[in-house]
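Asks: Sharing a structure, written as C-alpha cells. Questions coming.
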Amino acid sequence: MVKGVIFDMDGLMFDTERLWDTLWEPACRELGLPLPPDMQKFTAGGRGLAGENLCRHVASYIPGDPKKLLAKVWQLADTRFAEGVPCKKGLKELLTALEDLGMPRIVASSSPRNIIEMNLQTTGTARYFHDVVSGTEVAHSKPAPDTFLLAAQKLRLAPKDCLVLEDSFNGIRAGRAAGCVTVMVPDLMQPTEEITRLYDRKCDDLLQVRDLLIEGKL
C-alpha cells in the first residue's frame, strides 16, 4: 500500500474548474482585452499550470501583460471563492477514511496558496491536511514533477510511496514524472490515449479511491 496521499485541488477535491473558467471573461473585460478565439482550448490547456508556464500559456492567447491579467483573475477568484465552493463526491468520506488509516495527506495545487487555504477553511477540510504546496513554491509547475516532489518531501516519504490524485492531464503527467502512484479521477476531460498510458489507475470518483485504499489495492 501507499504510505501517503497527495491531493490536487481544483476539479479533484472541489468542483471549481467551472468557476475558474467563468472568471476570464470579466477579467479581460475589466482590462479591455479581447477574449481568446478558442476559449475551450485556452481553458483546457491552462489547467494544472502555474508560474511562468501559466504566463506563457496566457500570453500565447491573449495580448498584454499576462501577470496583470492573472492578478485580476485571482482578485475575482478571491471574491467568488469566499462564498464557498462545492466538494466533489466522496471527498469527505475519503478524508475520514485516510484519517482512520493514519495516512498523511497534503494538498499540492497550482492555485495560489491563499485560495487553497481559503477553500480548505470554507469547506471544513483544512483539519484533514498536514500541509499545502502551491504552484508558486516551485521552480517549475505541472507538468514538471516539482510540485509533487516537494509534497512528498513535506510528507517525509519517497515519491514511490505517495499516491497522487489528479483530474487534469498536466497533473497526471507531473505525477508520473515524479515517480508517484498516480490515479486519475476525471472531471471536465476524459483521458486521452497518452494519458491512459501515464496513470496507474482511473477511478470514477473519490469514493472508489477510498474503497481501493481500504481494500489495500492502491
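The values are calculated or read from the model by the stated rules, or taken from the named source; none is laboratory data. Worth saying up front: this structure is predicted, and the values here are computed from it rather than measured. We place every Cβ from the backbone using ideal geometry, glycine too, and count neighbours over all the protein chains shown. Surface areas here come from the heavy atoms of the whole protein model, side chains and all, with no ligands, DNA or RNA. Shrake-Rupley method; radii C 1.70, N 1.55, O 1.52, S 1.80 Å.
Asks: Identify the residue in the range 45-86 that is surrounded by fewer than 14 Cβ atoms within 10 Å (Cβ to Cβ) and among the hydroxyl-bearing types (Ser, Thr, Tyr) and, among all such residues, is farthest from the chain's Cα centre (by Cα).
Replies: Ranking the qualifying residues of the range 45-86, first place goes to Ser60.
Asks: From the list Thr182, Thr196, which residue is modelled with pLDDT of 95 or more and either within 19 Å of Val133 (Cα to Cα) or in contact with a helix residue (DSSP H, G or I) (Cβ under 9 Å, 6 or more places away or on another chain) (or both)? First the steps, then the outcome.
Replies: Working: Thr196 fails: either within 19 Å of Val133 (Cα to Cα) or in contact with a helix residue (DSSP H, G or I) (Cβ under 9 Å, 6 or more places away or on another chain) (or both).
Answer to the check: Thr182.
Asks: What do you reckon, is Gly51 farther than 21 Å from Gly90 by Cβ and not aromatic (Phe, Trp, Tyr)? Steps first, answer last, please.
Replies: Numbers: farther than 21 Å from Gly90 by Cβ: yes; not aromatic (Phe, Trp, Tyr): yes.
When the stated conditions are applied, Gly51 passes them.
Asks: While we're on this one: Provide a single number: the residues in the range 7-44 that are in a helix (DSSP H, G or I) and surrounded by 18 or more Cβ atoms within 10 Å (Cβ to Cβ).
Replies: As a first pass, look at the range 7-44 and keep what is in a helix (DSSP H, G or I): 17-21, 24-31, 39-44.
Those still in the list that are surrounded by 18 or more Cβ atoms within 10 Å (Cβ to Cβ) too: 17, 20, 24, 27-28, 42-43.
Selection size over the range 7-44: 7.
Asks: Only residues that are open to solvent by less than 10 Å² (accessible area, probe 1.4 Å), assigned to a helix (DSSP H, G or I) and among the hydroxyl-bearing types (Ser, Thr, Tyr): list them for the range 134-165, please.
Replies: Pass one, the range 134-165, residues open to solvent by less than 10 Å² (accessible area, probe 1.4 Å): 134-135, 141-142, 147-148, 151-152, 162-165.
Among the residues that remain, those that are also assigned to a helix (DSSP H, G or I) are: 135, 147-148, 151-152.
Correct list: Thr147 only.
Asks: Restricting the range 166-177 to residues that are in a helix (DSSP H, G or I) and either open to solvent by 10 Å² or more (accessible area, probe 1.4 Å) or of a type outside the set (Gly, Ala, Ser) (or both), which is farthest from Cys203 (Cα to Cα)?
Replies: Step one: filter the range 166-177 for residues in a helix (DSSP H, G or I), giving 169-177.
Filter once more, keeping what is either open to solvent by 10 Å² or more (accessible area, probe 1.4 Å) or of a type outside the set (Gly, Ala, Ser) (or both): 169-170, 172-173, 176-177.
Details: Phe169: 15, Asn170: 17, Ile172: 13, Arg173: 17, Arg176: 16, Ala177: 20 Å.
By that ranking, first place goes to Ala177.
Asks: Among the residues that make up the range 92-112, is at least one of them assigned to a helix (DSSP H, G or I), of a type in the set (A, V, I, L, M, F, W, C) and within 16 Å of Arg18 (Cβ to Cβ)?
Replies: no
Asks: Okay, next question. Of everything in the range 200-218, what is without any contact (Cβ under 8 Å) to a residue 60 or more places away in the chain and open to solvent by 40 Å² or more (accessible area, probe 1.4 Å)? Give them in sequence order.
Replies: Taking the range 200-218 first, the residues without any contact (Cβ under 8 Å) to a residue 60 or more places away in the chain are 200-204, 211-212, 215, 217.
Selection gives Asp200, Arg201, Lys202, Asp204, Asp211, Glu215, Lys217.
Asks: Right, something else. Just wondering, is there one or more residues in the range 194-204 that are assigned to a loop (DSSP other than H, G, I, E, B), in contact with a strand residue (DSSP E or B) (Cβ under 8 Å, 6 or more places away or on another chain) and more than 24 Å from Pro86 (Cα to Cα)?
Replies: Of the residues in the range 194-204, the ones assigned to a loop (DSSP other than H, G, I, E, B) are 199-200, 203-204.
After this cut, where a residue has to be in contact with a strand residue (DSSP E or B) (Cβ under 8 Å, 6 or more places away or on another chain) as well, the list is 199-200, 203.
Next cut, more than 24 Å from Pro86 (Cα to Cα) only: 199-200.
Yes, because at least one residue in the range 194-204 is assigned to a loop (DSSP other than H, G, I, E, B), in contact with a strand residue (DSSP E or B) (Cβ under 8 Å, 6 or more places away or on another chain) and more than 24 Å from Pro86 (Cα to Cα).
Asks: I need every pair where a residue in the range 119-147 that is under 27 Å from Gly102 (Cβ atoms) has its Cβ under 6 Å from the Cβ of a residue that is polar (S, T, N, Q) and surrounded by 16 or more Cβ atoms within 10 Å (Cβ to Cβ), sequence separation at least 6 or different chains.
Replies: Here the result reads Val133/Thr147, each pair linking the range 119-147 to a residue that is polar (S, T, N, Q) and surrounded by 16 or more Cβ atoms within 10 Å (Cβ to Cβ).
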